[in-house]
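Here the structure is laid out as structure tokens; the discussion comes afterwards.
The values are calculated or read from the model by the stated rules, or taken from the named source; none is laboratory data. As the structure is a prediction and not an experimental result, all values here were calculated from the model. Neighbour counts run over all protein chains shown; Cβ positions are idealised from the backbone, glycine included. These area figures cover heavy atoms from the full protein model, side chains too; ligands, DNA and RNA do not enter into them. Shrake-Rupley method; radii C 1.70, N 1.55, O 1.52, S 1.80 Å.
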Amino acid sequence: MDTYFEESFENAENAEVFVGLVFANNVFGKNVISDTEVKKHLAANPKFEGKRGQTLTYTTINDYSDEVLHIVLLGVGEPSALDEKTTELLAAPLLKALTATGREHAVIMTDTTEGMTLSREQFAASLINAVNLKSYCFDKYKTKANDDKPALQTLGAEVENPDEAERLYATLEAETKGVLIARDLANEPGNVLYPQSYADRIANKIFPSGSPVKVTILTDIEMEILGMGAALAVGQGSSKPPRMVVMEYNGADGSLKDQKPIALVGKGVTFDSGGISIKPGEAMDEMKYDMGGSAAVVGAMSAIAAQGANVRVVAIVGLAENMPDAGAYKPGDVVTSMNGQTIEVLNTDAEGRLVLADALTYIQTKYDPHTVIDAATLTGACVVALGHEFAGIFSNDDELAQKIEAAGKEVHEKTWRLPLSENFAKAVRGGKTGDLVNITGRYGGSIGAAEFLHAFIDDGRKWAHCDIAGTAWAQKNHPVMPDDIGSGYGARLLNRLVKSYEMQPAPVPEVKPADILHIQV
Ligand code: BES
Ligand code: ZN
Ligand code: ZN
């Protein structure tokens, strides 16, 4: 989608749809096209009251071109309730109304009124960005015209200060680009996106040489040398060997290399058949998005780097395909993880935790991060508990859990904290043969999985695990995600979270004249 910000709509060449704002109780300002026409249409449509998300569309004749012009009146509700987040709630109804016109080029006439603290520029940047997020469509494999695709090609806005709007939009767009990367990865089929092709895409396309994100690919041979027996076991039944991809961002100019980093870790199972403990056939195709955690991590790294964030971040994604085969790992097998703990595999479908175990060990050993956050489509039990609405958060640090919740709230990525538990920690250590088992009992499966990961976290390190099994696939009617598609959940949340660790430049101390007088030379 192309975007622009202009001072006067007269420059809005090609606009076929004008969007006018109507506040609660049908208060509207000067920036609608024609007062009398608006009043006429409002009077004829008494159900339209300017409530948030209401729309009213009519046509008129463009005075300049003599052509038919669509007008969409967009209800924005109480002006005092408008902030960046509530503005995003307008994207879905606006996109729906724009799509119904079938037109390609639209312009939003932003406005302000008494009680509105959000500037026109903030409003325009937030709304256009949210429409961009909501209108995402994965149709690269459709060879025929796709009727579901919104026709919208250009969305502009009339604002007072276009430069300011562009500046605000650039930050949001950098984040959105990361979300779109995450969605593209999640929706890619398993025959196209497998560990090596995924690693290549990260290293060559997403972070090509010269990017501030440095990429290292660990091949299966290197993983073997490192002793990553758990992650290797998962990929053993596939013709596509596993990979780990490490990403390092040391600030825009690389100057933060000596700082303790924050670490992101993602589950990247490019297809999860369940392996020998094979899954039922129904909806098995969805398991192509079992790499949603890794997609969120890659997307967040892209967003962080594109904004030149002043923070050191390292990341690792564990990539493997879980398949049944003569060479596949089996229930009862004992594997040795990189940190030396042995794991008795009781179910080959609980594979994500095995991949993550070695990824967690590697990132802690190599970079000594102050905080580790992992994202993974880890358990069906989490979907049962929280549906597609909330990701489950587990953490050994209350402040970190709160930061994650706050970051998610900013961007419509809801979270709900679930407990760690000593009993479950005992259960993962309760096997007959190895140090750990990869499944716990029938109930509380998400807690058992979290405690398994916990066994790979060094004492004293802050850690949070985000189980995104439910949210990696978009629920219907989400404010900024398209329906029923790999959602990119987590890319925005992790970007906001990491940015909350950004180092502010040290404040310049105020020097009083008296201090200067006392300096001894
Ligand atoms: N990838 C699945 C979890 C999943 C389920 C993600 C539904 C998205 C939607 C994971 O690898 C898995 O299969 N977990 C098992 C664990 C069980 C064997 C202990 C599960 O949740 O059933
Ligand atoms: Zn599985
Ligand atoms: Zn899985």
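List of remarks:
- When Val22, Val17, Val38 are checked against the criterion of being open to solvent by less than 20 Å² (accessible area, probe 1.4 Å), more than 34 Å from the chain's Cα centre (by Cα) and not charged (D, E, K, R), a single residue qualifies: Val38.
- Verdict on Arg103 being of a type in the set (Lys, Arg) and crowded, with 21+ Cβ neighbours inside 10 Å: no
- Residues that are away from ligand 3 (no atom under 11 Å from the Cβ), over 23 Å from the mean Cα position of the chain (by Cα) and either open to solvent by 10 Å² or more (accessible area, probe 1.4 Å) or within 30 Å of Asn250 (Cβ to Cβ) (or both), drawn from the stretch 278-328: Ile278, Pro280, Gly281, Glu282, Ala283, Met284, Met323, Pro324, Asp325, Ala326, Gly327
- Subset of the stretch 139-149 [open to solvent by 50 Å² or more (accessible area, probe 1.4 Å) and of a type outside the set (Asp, Glu)]: Lys140, Tyr141, Lys142, Thr143, Lys144, Ala145, Lys149
- Among the residues making up the stretch 324-342, those that are outside any loop (DSSP other than H, G, I, E, B) and farther than 22 Å from Phe271 by Cα are Val334, Thr336, Thr342.
- The residues in the stretch 457-469 that are surrounded by fewer than 24 Cβ atoms within 10 Å (Cβ to Cβ) and in contact (Cβ under 8 Å) with a residue 60 or more places away in the chain can be counted, and the count is 5.
- Test: Met223 is farther than 26 Å from Ala170 by Cα and either assigned to a helix (DSSP H, G or I) or open to solvent by 50 Å² or more (accessible area, probe 1.4 Å) (or both): yes
- Residue list for the stretch 177-194, restricted to those being in contact (Cβ under 8 Å) with a residue 60 or more places away in the chain and among the polar types (S, T, N, Q): Asn187
- Filtered residues of the stretch 256-280 (kept if within 11 Å of ligand 1 (Cβ to nearest atom) and either out of contact with any Leu (no Cβ under 7 Å at 6 or more places or on another chain) or assigned to a loop (DSSP other than H, G, I, E, B) (or both)): Val269, Phe271, Asp272, Ser273, Gly274, Gly275, Ser277, Ile278, Lys279, Pro280
- Restricting Lys47, Lys51 to those that are farther than 19 Å from Ile128 by Cβ, modelled with pLDDT of 95 or more, of a type in the set (Lys, Arg) and under 34 Å from the mean Cα position of the chain (by Cα) reduces the list to Lys51.
- Residues of the stretch 31-55 that turn out to be hydrophobic (A, V, I, L, M, F, W, C) and either within 17 Å of Gly102 (Cβ to Cβ) or in contact (Cβ under 8 Å) with a residue 40 or more places away in the chain (or both), as a count: 2
- Of the residues Ala320, Ala295, the single one that is among the small types (Gly, Ala, Ser) and within 16 Å of ligand 2 (Cβ to nearest atom) is Ala320.
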